[in-house]
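Worksheet: the structure to be examined is printed underneath.
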Amino acid sequence: MALAESLTPAAEMRADYLELLQRVERLHRQLLDVVKDELDREHLRDLTSVQALLIYNIGDQVLTAGELKSRGHYLGSNVSYNLKKLVDLGFVNQQRSSDDRRTVRISLTESGQEVWDRLVGLFARQSSALEPSGGLNTDTVEATNVALGRLETFWSDHIRFRL
């Protein structure tokens, strides 16, 4: 089959899939806006929402930048740049491993822990408000998580197997 024959014209694409793509993109931006709003309320204007989510994903763990990338699905240069900024701002500690000097272990400082605590509080408040304010009960959230997990697997397989 020729390449031109294998391409589906935009008019034949599933409208629901296109809406899903747009919605996922908008939801990611809105999550960043929600986090930024919380940072502004707490007068933490030095941090970006991406940096705050990095802090959230580090939590009480001690990890390498590579582990953070693999768990949070961040882009390499983005993580490196933002970790350097977080170290410079005093939110993250960086320490070379005694076993392998090439490996740098990261953890939160006391200031980083305070940001983490605020985000935990934000997400706890939102979790409590999901059903009464958002109309999202446990079954709906679980079904959404299953669907998003399948989409993640579909996209991963697309990349891995070049579908």
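The values are calculated or read from the model by the stated rules, or taken from the named source; none is laboratory data. Remember, it's a predicted structure, so these values are computed and weren't measured experimentally. Ideal geometry is used to build each Cβ from the backbone, glycine not excepted, and the neighbour counts take in all protein chains shown.
Could you list, in sequence order, the residues of segment 93-122 that are part of a helix (DSSP H, G or I), loosely packed, with under 14 Cβ neighbours inside 10 Å and either among the polar types (S, T, N, Q) or within 21 Å of the chain's Cα centre (by Cα) (or both)?
Scanning segment 93-122 gives Asp117, Val120, Gly121.
Return the pair list, or none, for Cβ contacts closer than 7 Å from residues in segment 58-70 that are over 21 Å from Leu119 (Cα atoms) to residues that are of a type in the set (Ser, Thr, Tyr) and loosely packed, with under 15 Cβ neighbours inside 10 Å, at least 6 apart or on different chains.
Thr64/Thr103
Can you go through Leu151, Leu136 and tell me which one is part of a helix (DSSP H, G or I), out of contact with any Asp or Glu (no Cβ under 7 Å at 6 or more places or on another chain) and of a type outside the set (D, E, K, R)? Break it down stepwise before answering.
On the way: Leu136 fails: part of a helix (DSSP H, G or I).
Result of the check over Leu151, Leu136: Leu151.
Restricting attention to segment 48-56, does a residue exist that is assigned to a helix (DSSP H, G or I), closer than 30 Å to Leu163 by Cα and touching a helix residue (DSSP H, G or I) at 6+ places or on another chain (Cβ under 6 Å)? Steps first, answer last, please.
As a first pass, look at segment 48-56 and keep what is assigned to a helix (DSSP H, G or I): 49-56.
Keeping just the survivors that are closer than 30 Å to Leu163 by Cα gives none.
The answer is no, given that none of the residues of segment 48-56 is assigned to a helix (DSSP H, G or I), closer than 30 Å to Leu163 by Cα and touching a helix residue (DSSP H, G or I) at 6+ places or on another chain (Cβ under 6 Å).
What do you reckon, is Ser107 hydroxyl-bearing (Ser, Thr, Tyr), more than 27 Å from Lys36 (Cα to Cα) and touching a strand residue (DSSP E or B) at 6+ places or on another chain (Cβ under 8 Å)? Explain how you work it out, then say what you get.
On the way: hydroxyl-bearing (Ser, Thr, Tyr): yes; more than 27 Å from Lys36 (Cα to Cα): no; touching a strand residue (DSSP E or B) at 6+ places or on another chain (Cβ under 8 Å): yes.
When the stated conditions are applied, Ser107 does not pass them.
Could you please let me know if Glu67 is at pLDDT below 95, touching a Lys or Arg at 6+ places or on another chain (Cβ under 7 Å) and either surrounded by fewer than 17 Cβ atoms within 10 Å (Cβ to Cβ) or closer than 26 Å to Leu148 by Cα (or both)?
Details: at pLDDT below 95: yes; touching a Lys or Arg at 6+ places or on another chain (Cβ under 7 Å): no; either surrounded by fewer than 17 Cβ atoms within 10 Å (Cβ to Cβ) or closer than 26 Å to Leu148 by Cα (or both): yes.
No, not satisfied.
Could you tell me how many of the residues in segment 21-68 are among the hydrophobic types (A, V, I, L, M, F, W, C) and either over 13 Å from the mean Cα position of the chain (by Cα) or over 16 Å from Tyr81 (Cα atoms) (or both)?
First pass over segment 21-68, keeping only residues among the hydrophobic types (A, V, I, L, M, F, W, C): 21, 24, 27, 31-32, 34-35, 39, 44, 47, 50, 52-55, 58, 62-63, 65, 68.
Cutting the leftovers down to either over 13 Å from the mean Cα position of the chain (by Cα) or over 16 Å from Tyr81 (Cα atoms) (or both) gives us 21, 24, 27, 31-32, 34-35, 39, 44, 47, 62-63, 65.
Count: 13.
Kindly evaluate Ser127 against the criterion of being farther than 20 Å from His43 by Cα and either in contact (Cβ under 8 Å) with a residue 60 or more places away in the chain or surrounded by fewer than 12 Cβ atoms within 10 Å (Cβ to Cβ) (or both).
On the way: farther than 20 Å from His43 by Cα: yes; either in contact (Cβ under 8 Å) with a residue 60 or more places away in the chain or surrounded by fewer than 12 Cβ atoms within 10 Å (Cβ to Cβ) (or both): yes.
Yes; evaluated as a whole, the condition is true for this residue.
Can you run down the residue pairs with Cβ atoms below 7 Å, 6 or more apart or on separate chains, where the first is in segment 134-161 and under 20 Å from Phe123 (Cβ atoms) and the partner is part of a helix (DSSP H, G or I)?
From residues that are under 20 Å from Phe123 (Cβ atoms), the pairs are Leu136/Leu130; Asn137/Glu131; Val141/Leu130.
Give Tyr74, Tyr81 a once-over and let me know the one that is free of Cβ contacts under 8 Å to residues at least 60 places away in the same chain, within 28 Å of Glu152 (Cα to Cα) and in a loop (DSSP other than H, G, I, E, B).
Values: Tyr81 fails: in a loop (DSSP other than H, G, I, E, B).
After ruling out the rest, the residue left standing is Tyr74.
For the condition of a type outside the set (Ser, Thr, Tyr) and farther than 19 Å from Asp37 by Cα, what is the one hit in Gly135, Gly121, Gly112? Even if it seems obvious, please write down each step before you answer.
Working: Gly121 fails: farther than 19 Å from Asp37 by Cα; Gly112 fails: farther than 19 Å from Asp37 by Cα.
So the residue among Gly135, Gly121, Gly112 that is of a type outside the set (Ser, Thr, Tyr) and farther than 19 Å from Asp37 by Cα is Gly135.
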